[in-house]
Every structure is written in structure tokens, then in C-alpha cells.
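All remarks here apply to the structure that follows.
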Amino acid sequence: MPAHVVLDSPVGPLTLVATDGALSGLYMEKQRHLPPVETFGAPGDPEAEPFATAAAQLAAYFAGELTRFDIPLTLRGTPFQQRVWAALQEIPYGETTTYGELAAELGNPSASRAVGLANGRNPICIVVPCHRVIGSTGSLTGYGGGIDRKRHLLDFERKVRAGAGEVMLF
């Protein structure tokens, strides 16, 4: 049975959902494509796994001390979505790629729209960094958590990567 906890973060409350000991959801407040809250399960113990590890890693991320997560994940989706979400995890911290580049990397350069749809259905934001995908012109196109949050996360990562390392509050 799934369980959930809610954590505060610089981008607002984050709802973490765990299923069978792995993180299966990480959602922002008012996120587009938010599953029904009934599917999040009962309130969980923030000190239990994987919540404790996820909370510690998210805190380190927002402190500018962590650039790659290693939390056990359960990503449920179609085989194509699974491929897109796996590719998202390979985008380096502080860098971006376009939907078209990601489609080409997946072997189907004409699938940028499908990549965008799969990106938008990513159930584990931040940890699976869908915010690192931008439009072909460099524009910050759609983001389930909102464009302001996408801009915040990208600016934050770039500053940390450049050595500024300061925590930015949303």
C-alpha cells in the first residue's frame, strides 16, 4: 500500500509518495497531472524509508550540496515513458536539453511532442529532472510545477554549478 508525507521546500510543499519501500511520486503543490490524492495512501512516517533518505537528499539538493539523487524509485508508466524518464535522469545537473534532442537521443527525432507528453507525466519531479528540458528556441515551455518553479530550479542549479552555491528561496 502506498503512503505519503509532505515536506516543506524552497519551491513550496512537496508530497512524497512511497510504494513498497521506493519513491513512486514526488509532486508539487498545484502540479498539473496530479493524481487523485486518494492514490497517495495513508500518511507515512517521515523517519521511515524511503522518506527519510528522500528528505535528506532533497535538503542537500536545495542546499546546493547534492547534484544527483540515488533514492530507490518505482516509476510506473508506458515503456516509452519509462525510456524518457530514464533519459531525463542522465541530463547533467545545471544543464538543459530540448525535447527534440531528447527524442533524437531516444532514436526517434520526430517524437519531440511525444517526449514532451511523457515529460509532463513524470511522477517524480526534481529527482527525475524534467525541469531540465526546454523548448527548441531555449524557451521555458510547459512544466507541471509551473514556469516560475522551472525557472527557479534551472537558475538555482546553474548558480550552484558556477560555484555561487547559495540557497535561493522561492
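The values are calculated or read from the model by the stated rules, or taken from the named source; none is laboratory data. Here the structure is a predicted model, which means the values were calculated and not measured. Note that each Cβ is placed from the backbone with ideal geometry, even for glycine, and that neighbours are counted across all protein chains shown.
Values for this structure:
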{"quantity": "Positions within region 49-82 being polar (S, T, N, Q) and part of a helix (DSSP H, G or I), in sequence order", "calculated": "T53, Q57, Q81, Q82"}
{"quantity": "Odd one out for L140, checked against (1) in contact with a helix residue (DSSP H, G or I) (Cβ under 6 Å, 6 or more places away or on another chain); (2) farther than 29 Å from P13 by Cα", "calculated": "(2)"}
{"quantity": "Selection count where residues are at pLDDT below 95, assigned to a loop (DSSP other than H, G, I, E, B) and out of contact with any Gly (no Cβ under 7 Å at 6 or more places or on another chain), scope region 123-150", "calculated": "8"}
{"quantity": "Selection count where residues are more than 21 Å from D70 (Cβ to Cβ), touching a helix residue (DSSP H, G or I) at 6+ places or on another chain (Cβ under 8 Å) and assigned to a strand (DSSP E or B), scope region 17-46", "calculated": "1"}
{"quantity": "Tabulated pairs, region 47-63, first more than 16 Å from P10 (Cβ to Cβ), second of a type in the set (V, I, T) and not in a helix (DSSP H, G or I), C-beta under 7 angstrom, 6+ apart or interchain", "calculated": "P50/I71; F51/V5; T53/I71"}
{"quantity": "Region 17-44, subset charged (D, E, K, R) and touching a residue at least 40 places away in the same chain (Cβ under 8 Å), residue surrounded by the fewest Cβ atoms within 10 Å (Cβ to Cβ)", "calculated": "D20"}
{"quantity": "Test for T53: is it surrounded by 14 or more Cβ atoms within 10 Å (Cβ to Cβ), over 21 Å from N119 (Cβ atoms) and polar (S, T, N, Q)", "calculated": "yes"}
{"quantity": "Where a residue in region 90-116 is assigned by TED's automatic domain parsing to the domain that holds F156 and its partner, wherever it lies, is in a strand (DSSP E or B) and modelled with pLDDT under 95, with Cβ under 7 Å and at least six apart", "calculated": "T96/I134; T98/I134"}
{"quantity": "Top-ranked residue of region 5-16 - restricted to ones that are in a strand (DSSP E or B) and touching a Leu at 6+ places or on another chain (Cβ under 6 Å), ranked as surrounded by the fewest Cβ atoms within 10 Å (Cβ to Cβ)", "calculated": "L7"}
{"quantity": "Test for G77: is it out of contact with any helix residue (DSSP H, G or I) (no Cβ under 8 Å at 6 or more places or on another chain), within 28 Å of F40 (Cβ to Cβ), small (G, A, S) and touching a residue at least 12 places away in the same chain (Cβ under 8 Å)", "calculated": "no"}
{"quantity": "Residues located in region 11-51, provided they are over 22 Å from G146 (Cβ atoms) and among the aromatic types (F, W, Y)", "calculated": "F51"}
{"quantity": "L75 being over 14 Å from the mean Cα position of the chain (by Cα) and at pLDDT 95 or above", "calculated": "no"}
